[in-house]
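Novice: The structure under discussion is supplied below as structure tokens; questions concerning it will follow.
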Amino acid sequence: MCGIIGIIGQNDAAPRLLEGLKRLEYRGYDSAGIATLNNGSIQRCRAKGKLIKLEEKLSQQNLNGSVGIGHTRWATHGKPTENNAHPHATDKVAVVHNGIIENYAQLKEELEKHQACFETETDTEVIAHLATYYLKQGMSPKEATNATFNHLEGAFAIVMIFTGEHNLMIGTRHGTPLAIGYGDKEMFIASDSYALAPLTKKICFLEDGDCVIATHEGADIYVNDKITNKILSVKRKIQVTAQSGAQEGKGEYDHFMLKEIYEQPAVIAETLNTYVQPSTGRINIPDDVLNALISTPRLTLIACGTAFYACMVAKYWFEQVARIPCEIDVASEFRYREAPMPKDGLCIFVSQSGETLDTLEALRYVKSQESKILSIVNTIESTIERESDIVFHTLAGPEIGVASTKAFTTQLTTLACMAFAAARAKKAISIEQMQEIGEALRHVPSVAADILRHDEAIRKIAQKIKQAPYVLYLARGSLFPIALEGALKLKEISYIYAEGYAAGEMKHGPIALIDKNVPAVVVAPGNDPLFDKTASNVQEAVARGAKIFLITDKKGQSKLADHVKWSIILNDVHSFVAPIAYAIPVQLLAYHVGVAKNTDVDQPRNLAKSVTVE
């Protein structure tokens, strides 16, 4: 979601702030802005829409000064307008903010009694006015910000600059990530290390409750101890980041999403190479992880969105193949159930960004229950990584498109390796099954590459589906979550309403929606043990006028050829790895329908890559 960058530099800050904001675009946003200090005064430039709009305005407005803050906003309170865009400012301070101030209405009412004049619909504006109130009482910037931060409730990251203070920037983190970058007589603050990578390699990650005073000379990090009412200085580790300063480009592709779909054979291979010994097919999972998996009385997998569907697939693998009792939970609901966690239980958290607030708060609940925490993340040096006992990286590389593609299939690949390793360790499968699954895993990259050859055929089918008012996705077993993911992708990218169902559930309600205008996307390889049951459900849909798009193999096509409108025939794949392979055509379908409808497929409306609010 919202992205933050701040600079105390030696040269004009505005161009560098703009470049930093470009590296934060992947988080999702609907407006952007920059504020700098020029001869002691705050100057601002803000714009609704994409950064190109802000860049155009900056070219006409000289925003000088070596101290500044920048922001990409994903609207929570107030519409995505220029007036609601950050930074927000008074004559004393300018502020950028990621998160939500839950008690802003009460603060606003109180501040209006003290003649504060509000100009926006946002919750963020109360921060600027509250700090200004304390500054007018004669407090120093540090005292004023401490008093302000102590009155705020919610999850937030904040960075502020002050009129007349050319060697000062103050920030805080409460639940939402913030990183500090150390330069040569320069200091930087940003939402994540990716934004700081071109500026410095020396990074420090703030912990919850930390405040920071940044100057040219360095950073003073401290916490406000509310019990003793004292300010306590703290030390946080400064490390050399592994993030690349190179800006990701689209290359020959029209969109990042298509580029990332096409990167899947390579990133799946790289992920597999981390876990699979090419010569023997054995899975290299650390002994402590393997022991935790096979000894846990119950495995719990927790995630949001697309990552949750990866967990749904993994439930089939862990239960059917490894014979490990498994539960899955949506992170945004999990901690509010106050679920009792078993002694010696293992919880797996899955997140592309490693910053998803719902997932992070669920992790913290599990930690309070003293369960072991294993996280699967794609972004290195994330908050979830730092708060976990064990971390697996999916090695998908930076994923810029908001709708997850390669991160999803590498999450599936990682989970598949874990389930297979547990099955081998428990001797839950035969030697013959071990050999079959090991061989199938090794061939997933080549299978993925072969599926991409169907791109043009899927593009043509997308032209037929783009006018549909509603699209139904059907599958069974471990491919049922792929139907859910396909429907999610179509909604995200094309804005067509779509729903995924376990095919056997269609007659329990969704069949009422079917008519001649409704396409049904059916994910059903012919070698799937449940294919015949899915085929019966297809015939039920056809009998009511549905147009079937069948994603299958030769065996499946031969059985349903007379009932389908369109089909894509993939090569045979082992049922264990079928969810990884069959995720790719549903991604391509969503992409091409979105392009056909002329939507912004890389940054769909209202969506954010890194969801850092509840």
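Novice: Using a Förster distance of 35 Å, how high is the FRET efficiency between K555 and D389, based on the Cβ-Cβ distance and rounded to 0.05?
Specialist: E(calc), rounded to 0.05, equals 0.20.
Novice: Taking only DSSP H segments of four or more residues, each worth -39500 (n - 2.57), what value at 222 nm results for the chain once the sum is divided by all its residues, to the nearest 500 deg cm²/dmol?
Specialist: Values: 21 runs with 224 residues, N = 614.
My calculation for the chain gives -11000 deg cm²/dmol from helical runs alone.
Novice: Each residue of the range 157-162 in turn: what ³J(HN,Hα) in whole Hz from Karplus with 6.51, -1.76, 1.60 and θ = phi - 60°, glycine and Pro shown as x?
Specialist: 10, 9, 9, 9, 10, 9
Novice: Are there trypsin sites (Lys or Arg not before Pro) in the range 412-503 that DSSP marks as loop and that have at most 14 other Cβ atoms within 10 Å, and which are they?
Specialist: Those satisfying the criteria are K427.
Novice: Helix 357-368 versus the longest principal axis of the chain: what angle, 0 to 90°, nearest 10, using Cα atoms?
Specialist: 90
Novice: Where a Cα-Cα gap under 19 Å defines reach, which aspartates and glutamates qualify for K427, not counting those fewer than 8 residues away within the same chain?
Specialist: Leaving aside aspartates and glutamates fewer than 8 places away in the same chain, those within reach of K427 are D287, D288, E319, E436, E439.
Novice: Quick check: at a probe of 1.4 Å, how many percent of the accessible area of the range 1-135 sits on carbon and sulfur atoms?
Specialist: 43
Novice: Hey, another quick one. Two decimals is fine: what is log10 I(q)/I(0) at q = 0.10, 0.11 Å⁻¹ for the chain, from a Debye sum with one equal scatterer on every Cα and no solvent?
Specialist: The Debye formula, applied to the Cα set alone, gives -0.90, -1.05.
Novice: What are the trypsin sites (Lys or Arg not before Pro) within the range 90-158 that DSSP puts in a loop, where the Cβ has at most 11 other Cβ atoms within 10 Å?
Specialist: Qualifying residues, ordered by number: K113.
Novice: Continuing with this model, one more query. At a threshold of 8 angstrom on Cα-Cα distance, excluding pairs fewer than six apart, so keeping six or more, what relative contact order does the chain reach in percent?
Specialist: Relative contact order, the chain: 12 percent.
Novice: With no solvent and one point per C-alpha, what does the Debye sum give as log10 I(q)/I(0) for the range 1-143 at q = 0.21 Å⁻¹?
Specialist: Listed by q, the Debye log ratios stand at -1.30.
Novice: Let me ask you something else. Past 23 Å, Cα to Cα, is the threshold; run K250/K406; K489/K559; K79/K466 against it and keep the listed order.
Specialist: On the way: K250/K406 15 Å; K489/K559 28 Å; K79/K466 29 Å.
Flagged as over cut-off: K489/K559; K79/K466.
Novice: What distance in nm lies between label points placed 7 Å from Cα along the C-beta direction at Q106 and D91?
Specialist: 3.1
Novice: Sticking with this one: Please identify the trypsin sites (Lys or Arg not before Pro) of the range 286-349 that satisfy two criteria: DSSP loop assignment and at most 15 other Cβ atoms within 10 Å. Which are they?
Specialist: R298, R323, K343
Novice: Further question on the same structure: What are the ³J(HN,Hα) values, in whole Hz, obtained from phi via the Karplus relation 6.51 cos²θ - 1.76 cosθ + 1.60 with θ = phi - 60°, for each residue of the range 554-565 in sequence order, with x given for Gly and Pro?
Specialist: 4, 5, x, 4, 5, 8, 10, 4, 7, 10, 10, 8
Novice: Next question. Give me the net charge of G218's neighbourhood, meaning all other residues with Cβ under 14 Å from the Cβ of G218; Lys, Arg count +1, Asp, Glu -1. Don't skip to the answer; put the middle values down first.
Specialist: Numbers: positive: K185, K202, K235, R236; negative: D184, E186, E217, D220.
That works out to 0.
Novice: Using only Cα atoms, figure out Rg for the range 183-331 and give it as a multiple of 2.2 N^0.38 Å.
Specialist: With N residues counted in the range 183-331, Rg over 2.2 N^0.38 Å equals 1.49.
Novice: Additional query: Expressed in nm², what is the orientationally averaged projection area of the convex hull enclosing the Cα positions of the range 548-599?
Specialist: Here the figure is 4.0 nm², rounded to one decimal.
Novice: Take every Cα-Cα distance within the range 120-241, group them into 10 Å bins from 0 onward, and report for each bin the whole-number percent of pairs it holds.
Specialist: Pairs per bin, as whole percents: 13, 45, 34, 8, 0.
Novice: Give, in whole angstrom and from largest to smallest, the semi-axes √(5λ) of the equivalent ellipsoid of the range 295-434, with λ running over the eigenvalues of the Cα gyration tensor.
Specialist: The equivalent ellipsoid of the range 295-434 has semi-axes of 23, 19, 12 Å.
Novice: Find the accessible area per residue for the range 416-524; the probe is 1.4 Å, ligands and nucleic acids are left out, and the unit is Å².
Specialist: On a per-residue basis, 39 Å².
Novice: Once Rh for the range 502-557 is found with the Kirkwood sum over Cα pairs, what is the Stokes-Einstein diffusion coefficient at 4 °C and 1.567 mPa s, in µm²/s?
Specialist: 114
Novice: Right, next: Looking at the range 104-180, what % of the alpha carbon pairs are farther apart than 17 Å? Could you put the intermediate results ahead of the total?
Specialist: Values: 1337 of 2926 pairs.
That tail contains 46 percent of the Cα-Cα pairs.
Novice: Something else about it: Dimensions of the range 62-149 along principal axes (Cα, Å, largest first)?
Specialist: Projected onto its principal axes, the Cα set of the range 62-149 covers 33, 32, 21 Å.
Novice: Quick one: helix 578-596 against the long Cα principal axis of the chain, what's the angle to the nearest 10°, folded into 0 to 90?
Specialist: 60
Novice: For Cα pairs less than 8 Å apart in space and 6+ apart in sequence, what is the mean separation divided by the residue count of the range 485-555, i.e. the relative contact order in percent? Let's see the in-between values first.
Specialist: Values: 74 pairs, mean separation 24.0, N = 71.
Relative contact order for the range 485-555 comes out at 34 percent.
Novice: Could you give the angle, 0 to 90 degrees to the nearest 10, between helix 264-275's Cα long axis and the longest principal axis of the Cα atoms of the chain?
Specialist: Approximately 90 degrees, to the nearest 10.
Novice: Can I ask one more? Where the convex hull is taken over the Cα atoms of the range 445-583, what is its projected area averaged over directions, in nm²?
Specialist: Directional mean of the projected Cα hull area for the range 445-583 stands at 7.4 nm².
The values are calculated or read from the model by the stated rules, or taken from the named source; none is laboratory data. Predicted model only: the values in this text are computed from it and were never measured. Counting neighbours? That spans all protein chains shown, and the Cβs are built from the backbone with ideal geometry, glycine included. The accessibility values were calculated without ligands, DNA or RNA, using every heavy atom of the protein model including side chains. Shrake-Rupley method; radii C 1.70, N 1.55, O 1.52, S 1.80 Å.
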